[in-house]
Amino acid sequence: MDGVLIIDKEKGYTSSDVVAKLRGILHQKKIGHAGTLDPDATGVLVVLLGKATKLSTFLMDGKKTYRAVLRLGVVTDTQDMSGTVLSEAAPETDEARILDAVCSFEGTYDQLPPMYSAVKVNGRKLYQYARGGKEVERAARPVTIDRIDVEAVDPPFVTFTADCSKGTYIRTLCHDIGEKLGCGAAMAELCRVKSGRFTLADAVTIDGVRPLLEAGALEEKLFGLEAILGDLPSFTCEEAHEKALLNGNRLETGWGAGTPAADGLTAVRDAHGVIRALYRLNAEDEMLHPEVMLL
């Protein structure tokens with residue numbers, strides 16, 4: 001199979017666990033995922049099958065939407081309730097102050113990646129240092145919270161939904177909200193409800209994959225390359241120049257029809273209209289240069 005399958009990940013599974021289970025169910029080795037979810041998190045996990053595994057970076061760039069529950073008055077080493085409690089304090093109960101603190105993070109701010117994360121410092125992932133009891137210096141990174149909607153304030157718990165940029169750690173956002181309130185906070189629950197264009201409405205559970213496969217209905221849940229890339233600017237290569245396309249060579253803009261993106265990726269099709277690659281227009285030589293081959 002080639003395409004994207006959206007899994008509604010349950011608690012207790014790592015993203016790698018999901019991939020391993022799908023390899024066994026589908027009898028297919030070439031499977032990956034775009035955008036990791038922590039074991040305690042649930043929701044949208046974008047799983048890539050076959051040729052779509054080459055689109056991981058492209059698909060991870062999309063914005064995400066999360067529904068989270070934070071617990072006020074507690075600080076942990078992992079910034080969520082699965083970690084070791086480092087300190088406890090009386091939780092803030094003033095609803096107006098809580099709302100102000102949560103909503104103050106709308107916009108762009110510099111977020112310090114948590115020690116229990118896959119961010120690399122000096123070639124090692126931060127969680128590898130953390131498991132060895134070491135805390136290392138790391139640089140804050142700009143993240144953007146486009147929108148925060150507070151759904152419920154029931155101290156010590158606060159439930160909110162956030163639209164955010166790639167690379168945003170919601171448990172760190174919860175920690176930072178607690179810091180601003182002065183009582184500390186940790187993430188109690190997290191569900192990713194949207195990743196790029198994919199939502200929970202598109203998803204199937206791990207347990208639901210095999211019955212769909214046996215009924216011949218799994219492909220109805222699969223997003224093919226056309227569905228994933230069809231909205232990109234398109235360039236159709238003439239048959240006389242298809243060899244250059246299939247060899248992953250640079251293409252002249254006069255070798256086909258369509259308007260390549262001036263800034264961004266272009267879906268390049270063969271003479272039959274099948275998407276074969278993603279190219280990028282180079283301003284210096286005004287030619288299309290290959291980025292991802294989908295042969």
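Figures for the structure shown
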| item | result |
| --- | --- |
| Selected residue (only one of 190, 225 is surrounded by 17 or more Cβ atoms within 10 Å (Cβ to Cβ), of a type outside the set (Gly, Ala, Ser) and over 26 Å from residue 38 (Cα atoms)) | 225 |
| Residue list for region 160-182, restricted to those being aliphatic (A, V, I, L, M) and buried (at least 23 other Cβ atoms within 10 Å of the Cβ) | 170, 173, 177 |
| Identity of the residue in region 12-32, closer than 21 Å to residue 82 by Cβ and among the polar types (S, T, N, Q), that ends up surrounded by the most Cβ atoms within 10 Å (Cβ to Cβ) | 15 |
| Search result, residues across region 208-265 that are under 22 Å from the mean Cα position of the chain (by Cα), among the hydrophobic types (A, V, I, L, M, F, W, C) and under 15 Å from residue 278 (Cα atoms) | 225, 227, 228, 229, 232, 265 |
| Region 241-270, residues that are of a type in the set (Gly, Ala, Ser) and out of contact with any Ser or Thr (no Cβ under 7 Å at 6 or more places or on another chain) | 244, 248, 254, 261, 262, 264 |
| Tally of residues being under 20 Å from residue 224 (Cβ atoms) and either touching a His at 6+ places or on another chain (Cβ under 6 Å) or hydroxyl-bearing (Ser, Thr, Tyr) (or both) across region 246-295 | 2 |
| Considering residues of region 140-180 that are of a type in the set (Phe, Trp, Tyr) and modelled with pLDDT of 95 or more only, the residue nearest to the chain's Cα centre (by Cα) | 160 |
| Those residues of region 143-176 which are in contact with an Asp or Glu (Cβ under 7 Å, 6 or more places away or on another chain) and in a strand (DSSP E or B), in sequence order | 145, 146, 147, 148, 153, 159, 160, 161, 163, 164 |
| Strands (runs of 3 or more DSSP E) fully within region 6-115 counting 2 or more residues that are over 23 Å from residue 211 (Cβ atoms) | 31-34, 64-72, 74-76, 85-88, 107-111 |
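Quick grid of which residues meet (1) touching a residue at least 12 places away in the same chain (Cβ under 8 Å); (2) touching a strand residue (DSSP E or B) at 6+ places or on another chain (Cβ under 6 Å):
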site: 110; (1), (2): yes, yes
site: 120; (1), (2): no, no
site: 125; (1), (2): no, no
site: 145; (1), (2): yes, yes
site: 154; (1), (2): no, no
site: 166; (1), (2): yes, no
site: 188; (1), (2): yes, yes
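To keep it simple, each residue is scored yes or no on (1) basic (Lys, Arg); (2) at pLDDT below 95; (3) under 31 Å from the mean Cα position of the chain (by Cα).
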| site | (1), (2), (3) |
| --- | --- |
| 267 | no, no, yes |
| 270 | no, no, yes |
| 286 | no, yes, no |
| 295 | no, yes, yes |
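The values are calculated or read from the model by the stated rules, or taken from the named source; none is laboratory data. On a predicted model such as this, the values are computed, not experimentally measured, just so you know. Reconstructed Cβ throughout: ideal geometry from the backbone, glycine too, with neighbour counts over all protein chains shown.
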